[in-house]
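Participant: I am attaching a structure below and will ask some questions about it afterwards.
The values are calculated or read from the model by the stated rules, or taken from the named source; none is laboratory data. Note that the structure is predicted; figures quoted are calculated from it, not measured. Every residue, glycine as well, gets a Cβ built from its backbone with ideal geometry; the counts of neighbours run over all protein chains shown. SASA here: full protein model, heavy atoms, side chains in, ligands and nucleic acids out. Shrake-Rupley method; radii C 1.70, N 1.55, O 1.52, S 1.80 Å.
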Amino acid sequence: MRAPAGSLVRYDRLFVGGEWVAPLDGGLVESIDPATGLPWAEVGFGGPRDIDRAVAAAREAFEGPWRRMPGWERAALLRRLADLYREHAGEMAVLESRDSGRAIREARADLGAHHHWYQWFASLADKISGRTIPMDDTVHCFTTRVPVGVVGAITPWNAPMLTTTWKVAPALAAGCTVVLKPAEQTPVTALELARLIEKAGFPPGVFNVVPGYGRDAGARLVAHPGVDKIAFTGEGRTAKTILRNGADNLKRFSFELGGKAPHIIFADADVDQAVNAATSSAWAVCGQSCALGSRVLVERPIYDRVVAAFAERARKVRVGMPLDETTHMGPQAHAEQLDKTLSYIKIGRSEGAELIAGGGRLTDGPLANGYFVAPTVFANVANEMRIAREEIFGPVAALIPFSGEEEAVAIANDTTYGLTAGLWTRDVGRAHRVSARIQAGIVWVNTYRYIRWSTPYGGFKASGWGRENGLEALDNFLETRTTVVSTTGQFPDAYAQ
Ligand code: NDP
């Protein structure tokens, strides 16, 4: 499946029904290394007929061996997968780094933790149970939780394996089968995951991967009548298209969409710690994460101090080649994202925000042809500006001043998004008061981006539907069946009188 092809690494097969097959509809597509702007791999892309094949395989597995397999056996397979994942996380991190441009130290830390998801959801696979519902002694009433069926998983390019893990681990634990369509820019690690799933010994068809274009393979997966549920991470605009295309057979949807998180620093906070968190979460993943605190709200008495600290920290960020161990921040993951970030930097300037660090592309030496951007900081940002309202997905922090709790909460909630938020204060009462008023799926107090397999994650408002991670993640992949059994077997004749 993986073979050198000249100087390019070749992944020319799809993983369908437990076999490595050539695409029926697509062809070989080059995957670009965003650090050099040059292709580094060739990947077989599938189209509608490949999706049809994969869905048929997933359906057969779902109706056959997977449905019959008891939860504890599914758990054992997931544990085997967790062990394999841990063993291969280092190599997968290198591949993700090449495909997405993510700094290797960051990719290693991220992928190095994914096995925990498989372990944790394995431990739930044999504990999925319903309730007994007390009525009266004429009936015994209970619920059973049953897998929703065939899941279409559609993932983005910014954190390819993380977004995949968050779907695949709970879906398999719940007893669903999966067809995965990774982002066109970052398909490689999805195929490596298929290799691990094959090695772990999952029945054929339980997990399938069809790299391809969203408009083509993705659209077919969404519209396919044999797919029961779509689990999607990506842009809100795409989610709306998916909703329309999947409406015909009323399939289930869960959406993890964008964010414009407020990261609030009150004057009574431990400012050094808050700056550590706010700067690291401004530029992690080169700014390409929905969870980042892209709006940093700073109380006026400490505003100048925080602005100066941001400018100083920006100078310390080592932007460089992703596989260099010393690099803090790699390039943007693809050329369109580079253009988008640069255009927002222009917009910020024209809106009157004060540029205090970065503000342009970096092209020195080895960075010449890559998609590198300097860590960028805008001060004196008003929440009405586009750089504070729209998701940039680049390493651009917007520092917004505020006075007091009321204004902090008003600015924090004045957004169409509601994914994550952070606040820093030493006042425990304020921590509770403010966090309870923030419209976001997760609020961090005196920390930021604490995300684990067991902590539910997902959006209020336009940031999504449903939750990934935690016990709640299983709900995405289960239906509830209520069974009512009469203890008397008596049913009155409605027409007796
Ligand atoms: P997109 O919405 O452009 O793409 C996401 C996936 O959807 C890709 O695999 C894409 O394929 C596919 N797709 C595109 N069009 C269709 C279609 N018509 N039918 C089915 N599938 C389709 O998002 P990005 O890849 O640009 O990812 C960035 C976005 O993801 C950001 O907005 C970010 O906030 C969000 N995100 C949210 C997270 C969360 O947990 N809430 C986490 C990470 C990211 P193709 O690659 O071919 O376009």
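Participant: If you count only protein heavy atoms with a 1.4 Å probe, what accessible area per residue comes out for region 390-497, rounded to a whole Å²?
Facilitator: Working: 5370 Å² over 108 residues.
For region 390-497, the solvent-accessible area averages 50 Å² per residue.
Participant: Please find the FRET efficiency linking Val146 to Asn446, where r is the Cβ-Cβ separation and R0 is fixed at 30 Å, and quote it to the nearest 0.05.
Facilitator: 0.15
Participant: Could you tell me which of the pairs Lys181/Lys260; Lys127/Lys240; Lys240/Lys461 are separated by over 24 angstrom between their Cα atoms in the structure shown?
Facilitator: Over 24 Å apart, Cα to Cα: Lys181/Lys260; Lys127/Lys240.
Participant: Does region 355-497 come out rounded, prolate or oblate, given a ≥ b ≥ c as the square roots of the eigenvalues of its C-alpha gyration tensor, rounded meaning a/c under 1.5 and, failing that, prolate meaning a/b above b/c?
Facilitator: Since a/c reaches 1.5 and a/b is larger than b/c, the shape of region 355-497 is classed as prolate.
Participant: Can you tell me the order of 439-451, 169-181 when each peptide is scored by its average per-residue count of other Cβ atoms within 10 angstrom, highest first?
Facilitator: Ranking the peptides 439-451, 169-181 by packing returns 169-181, 439-451.
Participant: Would you work out the charge dipole size for region 326-411 about its Cα centre, treating the Cβ of every Lys and Arg as +1 and the Cβ of every Asp and Glu as -1, and quote it to the nearest 20 debye?
Facilitator: Its charge dipole is roughly 380 debye.
Participant: Once every DSSP H run of n ≥ 4 in the chain is given -39500 (n - 2.57) and the sum is divided by its residues, what mean residue ellipticity at 222 nm do you get, rounded to the nearest 500 deg cm²/dmol?
Facilitator: On the way: 15 runs with 179 residues, N = 497.
Taking each H run of at least 4 residues, the total per residue is -11000 deg cm²/dmol.
Participant: Just report the Cα centroid separation between region 36-50 and region 323-352, whole Å.
Facilitator: 24
Participant: Next question. Gap in Å between the Cα centre of region 175-195 and the Cα centre of region 420-461?
Facilitator: 31
Participant: Please get the size of the charge dipole for the chain, origin at its Cα centre, with Cβ charges of +1 on Lys and Arg and -1 on Asp and Glu, quoted in debye to the nearest 20.
Facilitator: Values: 54 positive and 55 negative charges, 34 e Å.
Rounded to the nearest 20 debye, it is 160 debye.
Participant: With everything on Cα atoms, drop me the angle between helix 303-316 and the longest principal axis of the chain, reported from 0 to 90° to the nearest 10.
Facilitator: 80
Participant: Taking square-rooted eigenvalues a ≥ b ≥ c of the alpha carbon gyration tensor, is region 161-269 rounded, prolate or oblate, where a/c under 1.5 means rounded and, failing that, a/b exceeding b/c means prolate?
Facilitator: On the way: a/c = 1.96, a/b = 1.35, b/c = 1.45.
Taking the square roots of the gyration eigenvalues as a ≥ b ≥ c, region 161-269 is oblate.
Participant: Given Pro262, Val227, Cys286, which one lies farthest toward the positive end of the charge dipole of region 201-287, if we put +1 on the Cβ of every Lys and Arg and -1 on the Cβ of every Asp and Glu?
Facilitator: Val227
Participant: Carbon and sulfur atoms: what percent of the 1.4 Å accessible area of the chain do they account for?
Facilitator: 52
Participant: Going by alpha carbons, how many degrees (0 to 90, nearest 10) lie between the helix axis of 404-413 and the longest principal axis of the chain?
Facilitator: Its long axis makes an angle of about 50 degrees.
Participant: What is the distance in Å between the Cα centres of region 365-419 and region 81-132?
Facilitator: 30
Participant: Next question, about the same structure. Positive end of the charge dipole of the chain (Lys, Arg +1 and Asp, Glu -1 on Cβ, about the Cα centre): tell me which of Gly152, Gly489, Gly18 has its Cα farthest that way.
Facilitator: The one lying farthest along the dipole's positive direction is Gly489.
Participant: Starting from the Cα gyration tensor of the chain, take the square roots of the eigenvalues, sort them a ≥ b ≥ c, and report rounded, prolate or oblate (rounded when a/c is under 1.5, otherwise prolate if a/b is larger than b/c, else oblate).
Facilitator: Oblate is the answer for the chain, as a/c is 1.5 or above yet b/c matches or exceeds a/b.
Participant: Shifting gears a bit: Provide the packing ranking of 469-477, 205-213, i.e. peptides ordered by the mean count of other C-beta atoms within 10 Å per residue, highest first.
Facilitator: Highest mean packing first, the order is 205-213, 469-477.
Participant: Next question. Out of all DSSP beta bridges in the chain, what portion is antiparallel? Express it as a percent rounded to 5.
Facilitator: Percent antiparallel among DSSP bridges in the chain is about 45.
Participant: Still on this structure, I have one more. Which residue, chosen from Ala82, Val210, Tyr303, occupies the Cα position most advanced towards the positive end of the dipole of the chain, where the dipole is computed from +1 (Lys, Arg) and -1 (Asp, Glu) charges on Cβ about the Cα centre?
Facilitator: Farthest towards the positive pole: Ala82.
Participant: So what is the accessible area of region 283-322 per residue, in Å², with the probe set to 1.4 Å?
Facilitator: Numbers: 1530 Å² over 40 residues.
Per residue, region 283-322 has 38 Å² of solvent-accessible surface.
Participant: Quote the charge dipole size of region 409-497 about the Cα centre in Debye, to the nearest 20; the model charges only the Cβ of Lys and Arg (+1) and of Asp and Glu (-1). Each step should come with its number before you reach the end.
Facilitator: Details: 9 positive and 7 negative charges, 117 e Å.
Its charge dipole is roughly 560 debye.
Participant: Taking the chain as the reference, fit the longest principal axis to its C-alpha atoms, fit the long axis of helix 160-174 to the helix C-alpha atoms, and give the angle between the two in degrees, 0 to 90, nearest 10.
Facilitator: Helix 160-174 sits at roughly 20 degrees to that axis.
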